[in-house]
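Below is one structure; the comments refer to it alone.
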Amino acid sequence: MSSEFWLISAPGDKENLQALERMNTVTSKSNLSHNTKFAIPDFKVGTLDSLVGLSDELGKLDSFAESLIKKMAQCVVEVMEDAKGRVHENLLANGVDLTSFVTRFEWDMAKYPAKQPLVVVVDTLEKQLAQIETDLKTRTAAYNTLKGNLENLERKSSGNLLTRTLADIVNKEDFVLDSEYLVTLVVIVQKPNYSQWQKTYESLSDMVVPRSTKLIAEDNEGGLFTVTLFRRVIDDFKVKAREKKFIVREFFYDEKEIKTEREEMTKLLSEKKQQYQTSRVAHIKSKKGRSGPAGQTDKEKESEGEGEGPLLRWLKVNFSESFIAWIHIKALRVFVESVLRYGLPVNFQAVLLQPHKKATTKRLREVLNSVFKHLDEVAAASILDASVDIPGLQLNNQDYFPYVYFHIDLSLLD
């Protein structure tokens, strides 16, 4: 099955209901699509003028909702870093997979009462999605700041000895501390120059403490040595060391600073983990919960999400909310377009088609056009002509067909 759906409608009179039956027969015999009725409530119509305005507004809202849920799906991928294979089980609508939700769609009367004027229903959806987008921006900005800070710290702890932080390398014991006269420096020496360093460091300047050097860390290129000398010869020692290609790093052991840096690293790591982590315990519990008895207690249900960080939990809930809102917007678009196209009193039948695979869509379009061409002979004729490739003619989802048509694509991560 493809991940796309065609949401269409035709007038609900006898002739057109027979045309829908014909379409169902042909598409199922030729294995072109799986079709289901799509229930849309009877809304308050209002004036035709207001419907024309709503049609435009709903088109924009449809695009906004789709881009919002795509952004959220992408955020789930980023936040789940180490568990990318399990992204789809977090992209659900009302606890079911997206295809099931769309094919079994029922209008949510509690959230969007159909007795209210259409303008009010649309306004409710608009405000809801705008609020989710605002929250998404705030939360992802905070998460990205955290991630950026952590990456900077990780970069600092994974560079070479010249640039990386020394907080996780040095020990208090390697340094002379609290001395008015003496100071311990750290020097980077290339591996081929180790023996030269050992022979010459004491004589690079006056007042170097004999036998005070010690190798405390190494990377692929060289080593980090300590050396103790009198404070007053620091500058002279640096110059002489540089001449011999020994590099003195600007580093003085400060216990408070090192403690702060280590704590910062630990804090950031745990904050980042808390933002998205799905702990193994919760994963096992939730698996048990899913395959366990149908009568799950509230406590068990609650524990399913307990290992997730707040950002992932928020994304799951609000992805579901946004997706549900999006399909309600599609239903509203079908209603508004059907009234504008087929007139009053309101009488039309909406059907959801799921093409079996991409390859069958051209044939499916031909079947629909032949069954419904009587609804708009001009549109049908121009569509048949357009199947011939005309240079410069850009056909898109806004194509006009003899019947009302909207496209739903569930491949949100492409």
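The values are calculated or read from the model by the stated rules, or taken from the named source; none is laboratory data. On a predicted model such as this, the values are computed, not experimentally measured, just so you know. As a convention, Cβ positions derive from the backbone with ideal geometry for all residues, glycine included, and neighbour counts pool all protein chains shown.
Given the stretch 267-386, what helices (runs of 4 or more DSSP H) lie entirely inside it while holding 3 or more residues that are small (Gly, Ala, Ser) and modelled with pLDDT of 70 or more?
The helices (runs of 4 or more DSSP H) meeting that bar are 310-342.
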key: Selection count, the stretch 34-71, where residues are within 30 Å of LYS137 (Cα to Cα) and in contact (Cβ under 8 Å) with a residue 24 or more places away in the chain   = 14
ask   = For ASP168, are the conditions met, namely being closer than 30 Å to GLU263 by Cβ, surrounded by fewer than 19 Cβ atoms within 10 Å (Cβ to Cβ) and under 50 Å from the mean Cα position of the chain (by Cα)?
value = yes
request  = Could you tell me whether the stretch 189-209 includes any residue that is surrounded by 16 or more Cβ atoms within 10 Å (Cβ to Cβ), under 47 Å from the mean Cα position of the chain (by Cα) and touching a residue at least 40 places away in the same chain (Cβ under 8 Å)?
outcome  = yes
remark   = Exactly one of ASP178, ASP174 is of a type in the set (Asp, Glu) and surrounded by 14 or more Cβ atoms within 10 Å (Cβ to Cβ), and that one is ASP174
query = Pick from the stretch 148-177 the residues that are charged (D, E, K, R) and modelled with pLDDT of 85 or more: which of them is nearest to GLN190 (Cα to Cα)?
reply = ARG164
note = By residue number, the members of the stretch 57-108 that are among the small types (Gly, Ala, Ser) and more than 16 Å from LEU312 (Cα to Cα) are GLY59, SER63, ALA65, SER67, SER100
message = So for the stretch 216-223 (the condition being assigned by TED's automatic domain parsing to the domain that holds VAL183 and part of a helix (DSSP H, G or I)), does at least one residue qualify?
response = no
